[in-house]
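Notes follow once the structure below has been shown.
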Amino acid sequence: MTTKEYIIATSPLKPELKKVISYKRESSDSFTIRLDWQLDHELGQFVFCSLPGVGEAPISICSNSKDYVELNIREVGNMTNALAHVKKGEELLVRGPYGTFYPMDTLKGNDLIIVGGGCGVAPLKGVIDYLHKHTKDYGDISLFFGFRTPADALFRDDHEQWSKVFDLNISYDKMDEPDHPVGAACISGKQGFVTQLVSDNIHDNKNKVAFLCGPTIMIEKTIEVLKKKGFNNNQIFLSAERLMYCGMGKCGRCMIHGKYTCLDGSVFRYDELGKTEE
Amino acid sequence: MQYTLSKNDFSGFVKAVMNTHDFIAPIQGDPSKRVQKTQFQPITAPEDIHIEVGNAYFPVKYYFFDKKETIFEFKGHKVIDPIIKLKDRVFFGLRRCDLTGIKHQDMVFYSNQEDPFYKTRRDASTLIGLHCKEGDDYCFCNSVTNSDFFDLMFFDKGENYAIEVGSEKGQNFISTFHDFFKEAGEIITPADREIKNTFKLDTTDIKKLYFDEQWEELANKCISCGACNTLCPNCHCFTIQDEINFDLHTGKRVRTPASCQVKSFTRVAGEHIFRDTRVARYKHRVYHQLQYFKDRHDELFCTGCGRCIRGCPVRIDWVSHINKMNREDKP
């Protein structure tokens, strides 16, 4: 009776090393890293990013380029706090891409409403970059962003450029904080919630499609507002986030009412998600 | 083609198999020893095999989906491929529910991207079933659709075993140990394939019961211990985490089973818990067993082994509860 040795050389859970080519701080608790990774991906997909000894976390891609991958990360947990200390030139373990994506081709000709809250703007940035290049293919494009304070606003350098092409609306939960005066580069916004902006600016559902990404409460409230304006469930796309470990429908952690966030999402059309209590 | 194996030759057969394989069969638990409940273990002698009882207390799944699987080792940022050391093994005495559980795990680990760890352990295994005659107080496999999934299936025919071949691997196994098997005609009768259960599950679609208020009553008894997940032959959820050595430089990434009944199952950074209530977690498990898996793979996940009820420390009998809710729902 002999014991055999099996070397597991190819595994879908095995990551590869990629170099960090730039690191930029966006706000007090978030940063953007660019990886030297020529990844063929779609808009709205995500990758797994890991540091040996710390762990692995799913992070959405916030760029739209074949030459590099950008990840915008907020420091909220062990893994993301550790990632914040990564420096330019260092290497990260990554695998991906995973998940569904925004069906940009099938939505051509529609008006797009993009609603992002806090770090939920990050997965939508790839979409916005794409739309910036393909404005002709779509109708009116409105962006609605909500941030806690002006100092927390993400991608501030791009706001001016975006406001020239799109209808850009920003809301802040708190306008003035002594420590964080409104930055010069920051496009001025209103105090309040992003749902108010959506409610004030959107009047009907004709040829309109909405993309939502942000905290659960923001998504819930925005859906309420859109429903009042006559939106159907199939006109709303939303990004769901769950704890996940594998990205291929095995670990079972990301299941929402029978749907795997990693396989059937993370971009869901609202009518695909059954009614849940979560 | 069906075969027979005389019970007088059985211990000789086991010894012959043990020369080349690990022979894994149910061993009777002894409260004074480490193995306290009946479970599948590699045997040292044919007398160890304990097949008189119904199904083993513990499922066989951990032989395929290791309790602590090393996904890779690392040294700094360098990833080192793991090595799985394994003997070829033969499982004997698997019941239909155990085998269907393995089938469901195959469905999960082979679909989408094939899992090499599971596959390695699975490929080194030959599955020999032993058909039940009757269930115990907790089994309800007659209510679910357990399919024929085995390499070989043994049927107790008094003085000998009648054997049905279910796969090429099973046929090869028969050829390897051909001295012990005699060819026979169609000796397995429909009566042999019957399992008498008294306990039943009403498998009516439970979609409409999702917002039923009675779930609360059931979940209030639950202590979120996760015994049902541990004992279930299907449950496959896992956690991946890094274990770092004292040098803070080397370590390994490991995969361990996880329980959906534990609060931290859906906890994300920022202390947000998606399934925060016991009722939401309990419903998640029951719906995964009876609906979610069926929606995806067109087969009921639950195999009717009854281990979750047998092993529950607070005696939650979810099957009777579902039956009750279904009964009351009917006009």
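The values are calculated or read from the model by the stated rules, or taken from the named source; none is laboratory data. As the structure is a computational prediction, the values presented were derived from the model and not from experiment. Note that each Cβ is placed from the backbone with ideal geometry, even for glycine, and that neighbours are counted across all protein chains shown.
Scanning the stretch A:174-220 for residues that are closer than 22 Å to A:Pro103 by Cβ and either modelled with pLDDT under 80 or part of a helix (DSSP H, G or I) (or both) yields A:Val198, A:Ile219. Which of the residues spanning the stretch B:231-281 are closer than 25 Å to B:Phe72 by Cα, more than 8 Å from every other protein chain (Cβ to nearest Cβ), of a type in the set (A, V, I, L, M, F, W, C) and surrounded by fewer than 18 Cβ atoms within 10 Å (Cβ to Cβ)? The one that is closer than 25 Å to B:Phe72 by Cα, more than 8 Å from every other protein chain (Cβ to nearest Cβ), of a type in the set (A, V, I, L, M, F, W, C) and surrounded by fewer than 18 Cβ atoms within 10 Å (Cβ to Cβ): B:Phe246. Pairs meeting the criteria (first residue in the stretch B:1-30 and within 12 Å of chain A (Cβ to nearest Cβ), second residue among the aliphatic types (A, V, I, L, M) and in a strand (DSSP E or B), beta carbons under 8 Å, at least 6 apart or on different chains) are B:Val17/B:Val90; B:His21/B:Val90; B:Asp22/B:Val90; B:Phe23/B:Val90. Out of the residues in the stretch B:106-139 that are touching a helix residue (DSSP H, G or I) at 6+ places or on another chain (Cβ under 6 Å) and in a helix (DSSP H, G or I), which is farthest from the other protein chains (Cβ to nearest Cβ)? In this case the residue turns out to be B:Met107. Please indicate, with yes or no, whether at least one residue in the stretch B:168-177 is of a type outside the set (S, T, N, Q), more than 30 Å from B:Phe64 (Cα to Cα), outside any loop (DSSP other than H, G, I, E, B) and over 23 Å from the mean Cα position of the chain (by Cα). No, the stretch B:168-177 has no match at all. Those residues that are away from every other protein chain (no Cβ under 13 Å), crowded, with 22+ Cβ neighbours inside 10 Å and in contact with a Phe, Trp or Tyr (Cβ under 8 Å, 6 or more places away or on another chain), I need them from the stretch A:38-73; list them, please. The answer is A:Leu43, A:Gly44, A:Phe46, A:Val47, A:Ser60, A:Ile61, A:Val69, A:Asn72. For the stretch B:178-229, filtered to residues that are touching a Ser or Thr at 6+ places or on another chain (Cβ under 7 Å) and not in a loop (DSSP other than H, G, I, E, B), the residue that is nearest to B:Pro313 (Cα to Cα) is B:Asn229. Name the residue that is nearest to the other protein chains (Cβ to nearest Cβ), counting only residues in the stretch B:41-65 that are in contact with a helix residue (DSSP H, G or I) (Cβ under 7 Å, 6 or more places away or on another chain) and closer than 28 Å to A:Cys246 by Cβ. Here the answer is B:Phe65. Would you be able to say whether some residue in the stretch A:102-125 is under 22 Å from B:Gly270 (Cβ atoms), of a type in the set (Asp, Glu) and not assigned by TED's automatic domain parsing to the domain that holds A:Lys221? No - not one qualifying residue is present in the stretch A:102-125. Scanning the stretch A:221-241 for residues that are assigned to a loop (DSSP other than H, G, I, E, B) and within 22 Å of A:Lys125 (Cα to Cα) returns A:Ala240, A:Glu241. The set of residues from the stretch A:74-99 being of a type in the set (D, E, K, R), within 11 Å of chain B (Cβ to nearest Cβ) and not in a strand (DSSP E or B) comprises A:Glu75, A:Glu90.
Filtering A:Glu220, A:Glu241 for residues that are within 14 Å of chain B (Cβ to nearest Cβ) and in contact (Cβ under 8 Å) with a residue 24 or more places away in the chain leaves a single hit, A:Glu241. Of the candidates B:Ala191, B:Ala258, B:Ala269, the single residue that is among the small types (Gly, Ala, Ser), within 30 Å of B:Thr145 (Cα to Cα) and free of Cβ contacts under 8 Å to residues at least 12 places away in the same chain is B:Ala191. Scanning the stretch A:77-102 for residues that are under 18 Å from the mean Cα position of the chain (by Cα) and without any contact (Cβ under 8 Å) to a residue 24 or more places away in the chain turns up A:Gly77, A:Thr80.
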